[in-house]
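Trainee: Sharing a structure here in structure tokens format.
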Ligand SMILES: [Zn+2]
């Protein structure tokens, strides 16, 4: 709750208390005005000749704001709970893209005052669908898209019946068959660079085992295909790095030099296109880039690296 609302809340509580005791605020108000502190917040709208001073007008605005906020919660009690505010709604799991979810996908709804939220409302093919949240915090709610949900702008509701605005952008609900099987790992402008960036290029003491793609630090990286996270750690060479293994096809994929430790935990299954982290230059690196490896078999423990460039080029 912002400080100004807290003040308004305190102020309102004070008004109610004084009112119930049959006191007037005139003496308090004039005392403050006499002391030449026009912005002291705890004076009341006193019925005195100074009633039109800026301080008093400000007080009245505060009181009005408090009363209208109270009405917004259904009028119960002194407690001030603003309606939840939705800033965005986007798909994070089982997505075709951030704006294209599938039935069963996980959608994250971000905003403010989200902690009293109990349900997310999706447009449905046969009317509104109210779905219980999966997880929530002050600023976000996670929810699974129900079967039968339709394209539109979801919103959230609280147990008390308060309703948010609708998400500003439309979320499309599309068939799961549209989930891509493979996705290019760098989600922004990049360059394959010159010969020195290629698989097999000479390096001090070893041969380059991957393809470098230079891109601005912070560029989003996503999982190239469905795979299990087998390593997510840091070393002086690779910096923050992550290794994904696709057991079914016996391949492994390595992302190095990430800006921060990769998002998914070891053991987690990631789908194609799921966030991995961001381009960085951690470890042995001289500029922002992704070092990407493609292995047949397990990484470093019996498998062998191959040139990833033809495969990468096939994805774009
Ligand atoms: Zn490299």
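The values are calculated or read from the model by the stated rules, or taken from the named source; none is laboratory data. Small disclaimer: the values here were computed from a predicted structure and weren't measured. Cβ placement follows ideal geometry from the backbone for every residue including glycine, while neighbour counts extend to all protein chains displayed.
Trainee: Could you check segment 284-316 and list, in sequence order, the residues that are more than 16 Å from the ligand (Cβ to nearest atom) and closer than 15 Å to residue 191 by Cα?
Mentor: 310, 313, 315, 316
Trainee: Residues that are away from the ligand (no atom under 16 Å from the Cβ) and modelled with pLDDT under 95: does segment 165-177 have at least one?
Mentor: Looking through segment 165-177, at least one residue is away from the ligand (no atom under 16 Å from the Cβ) and modelled with pLDDT under 95.
Trainee: Also, I was wondering about something else. Which residues, taken from segment 277-297, are touching a residue at least 60 places away in the same chain (Cβ under 8 Å) and in a loop (DSSP other than H, G, I, E, B)?
Mentor: 279, 281, 287, 288
Trainee: Which members of segment 175-189 meet the condition of being surrounded by 18 or more Cβ atoms within 10 Å (Cβ to Cβ) and under 18 Å from residue 145 (Cα atoms)?
Mentor: Result: 179, single match.
Trainee: Within segment 276-315, how many residues turn out to be crowded, with 17+ Cβ neighbours inside 10 Å and within 26 Å of the chain's Cα centre (by Cα)?
Mentor: 9
Trainee: Name the residue that is farthest from the chain's Cα centre (by Cα), counting only residues in segment 213-224 that are surrounded by fewer than 20 Cβ atoms within 10 Å (Cβ to Cβ) and away from the ligand (no atom under 16 Å from the Cβ).
Mentor: In this case the residue turns out to be 216.
Trainee: Among the residues of segment 194-212, are any surrounded by 12 or more Cβ atoms within 10 Å (Cβ to Cβ), within 14 Å of the ligand (Cβ to nearest atom) and part of a strand (DSSP E or B)?
Mentor: Yes - at least one qualifying residue is present in segment 194-212.
Trainee: Among the residues of segment 253-276, how many are within 16 Å of the ligand (Cβ to nearest atom) and not in a loop (DSSP other than H, G, I, E, B)?
Mentor: Of the residues in segment 253-276, 6 are within 16 Å of the ligand (Cβ to nearest atom) and not in a loop (DSSP other than H, G, I, E, B).
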